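Student: Questions regarding the structure given below will be posed in turn.
The values are calculated or read from the model by the stated rules, or taken from the named source; none is laboratory data. Here the structure is a predicted model, which means the values were calculated and not measured. Don't worry about glycine lacking a Cβ; one is built from the backbone with ideal geometry, like all the others, and counts go over all protein chains shown. What goes into the accessible areas is simple: the full protein's heavy atoms, side chains included, and nothing from ligands, DNA or RNA. Shrake-Rupley method; radii C 1.70, N 1.55, O 1.52, S 1.80 Å.
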Amino acid sequence: MNDISARRPSASTLAILRTLVGFPTVSRNSNLALIEWVRDYLAQYGIDCHLSHGTNKDKANLFATIGEGAGGIVLSGHTDVVPVDGQNWSSDPFELIEREGKLFARGTCDMKGFIAAVLAKVPMLVAECRDEPVHLAFSFDEEVGCLGVRHLLADLVKRDVRPRGCIVGEPTNMVAVVGHKTGSAYGCTVTGREAHSALAPYGVNAVEYAAQLIVRIRAIANRLKAEERRHDGYEVPYSTLQTGVIAGGHASNIVPAICTMRFDMRTLPWTDPDVLFNELQEFVRDELLPEMRATAPEADITLALNGRVPGFAIAEDAPLVSYVRRLAGSNQPPGFVTFGSEAGLFQEQGIPAVICGPGSISQAHKPDEYVSLEQLALCEDFLDRLATISF
């Protein structure tokens, strides 16, 4: 019997991964060099690519189809990675290093390892005679709100491309994942009136009113923790709210006129984030603003939705879930994840999705990010089965 812990992925997967991590595709940077490399690689096998761009032309999504016919399965991955600024890496984060059965570099786990394995299997997918095509979808700006894939999906609608399912290769240890929460990010600006601290009653302290709003956010979070219907599939089985950033004031003897803050919500399918947001708006309108404007009529509080990654849920007995579990070659039951993904956006376009990919999210976004050789080998097994087993 083979020792699975000693298994290695193919030399092709390793070589492609080495190339991919060498492109520093942090979300603030262009990903075009990587996309053009992938386009040229696929062209060697006679595969045409469609590129879709956002507002700026310095980033692109890539969509390609292997095979003929309608329907098909999408293999989806994002090409951007999170920054390495301020992190203490043991090696160059954009150079692939192998140590003790692990491959270290930014993006190895999240999620260039999956993309590399997919690209390494392209020759095999081209050679196999499948009943329907395999599509490749590689996006930009997933890490900053799943922005790029929205353009890719709009392009599919425009071209009337209708895949029957999508496998998002986020790191799940090659276990089928059937759900994650909706993630919503908000911004707030509190405008008060500046004054000398000796005359504090004549001013409106923006920081203090922001603090009252933060206390209300925490109160809603506590209420959900105590009362909301649970979903035991999640590590945190209830919806959450939290304030992540606040900035305001210049000196302790000046009543601050401006305070800004950002907060987020992670909500279960049966909890509407817009209802919670409206509750905060009502608190601002009915309680905070009247009190502020009694002193300073120009005072204001603005709340805005900065971005949302829709939640994702598919029935555990759905045909696509059964198919992905068969490809994974595992009897492990489907799971749920704490992070967001592009899966919900595919679902909104009528394309059922399941998340399944190599590595663990606990290894992502940190210094010395890695994916194990074993996980990449398992991913290759998964893709080998996909080449011959139809959905």
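Student: Only residues that are of a type outside the set (A, V, I, L, M, F, W, C) and free of Cβ contacts under 8 Å to residues at least 60 places away in the same chain: list them for the stretch 20-60, please.
Tutor: Result: Arg28, Asn29, Ser30, Glu36, Arg39, Asp40, Gln44, Asp48, Thr55, Asn56, Lys57, Asp58.
Student: Within the stretch 68-92, which residues are more than 21 Å from the chain's Cα centre (by Cα) and open to solvent by less than 50 Å² (accessible area, probe 1.4 Å)? Walk me through it before giving the result.
Tutor: Going through the stretch 68-92, the residues more than 21 Å from the chain's Cα centre (by Cα) turn out to be 68-72, 86, 88-92.
Gly71, Gly72, Trp89, Ser91, listed by residue number.
Student: Another question, then. So which residues in the stretch 121-131 are of a type outside the set (Lys, Arg) and open to solvent by 20 Å² or more (accessible area, probe 1.4 Å), if there are any at all? Don't jump to the end; show me each part of the working.
Tutor: Residues of the stretch 121-131 of a type outside the set (Lys, Arg): 122-129, 131.
Pro123, Met124, Val126, Ala127, Glu128, Cys129, Asp131 - these are the residues of the stretch 121-131 that are of a type outside the set (Lys, Arg) and open to solvent by 20 Å² or more (accessible area, probe 1.4 Å).
Student: Give me the residue from the stretch 345-376 that is buried (at least 23 other Cβ atoms within 10 Å of the Cβ) and among the small types (Gly, Ala, Ser) and, out of that set, farthest from the chain's Cα centre (by Cα).
Tutor: Selected residue: Ser372.
Student: Considering Gly183, Gly244, which residue is closer than 30 Å to Pro352 by Cβ, part of a strand (DSSP E or B), in contact with a Lys or Arg (Cβ under 8 Å, 6 or more places away or on another chain) and small (Gly, Ala, Ser)?
Tutor: On the way: Gly244 fails: closer than 30 Å to Pro352 by Cβ.
Exactly one residue qualifies, and that residue is Gly183.
Student: If you don't mind, another one. Are there any pairs, at least 6 apart or on different chains, whose C-beta atoms fall under 9 Å, with the first in the stretch 212-235 and assigned to a helix (DSSP H, G or I) and the second open to solvent by 20 Å² or more (accessible area, probe 1.4 Å) and charged (D, E, K, R), and if so, which?
Tutor: Listed pairs, sorted by first residue: Gln212/Glu287; Arg216/Glu279; Arg216/Glu287; Ile220/Glu279.
Student: Tell me whether the stretch 250-261 contains one or more residues that are open to solvent by less than 80 Å² (accessible area, probe 1.4 Å) and of a type in the set (Gly, Ala, Ser).
Tutor: yes
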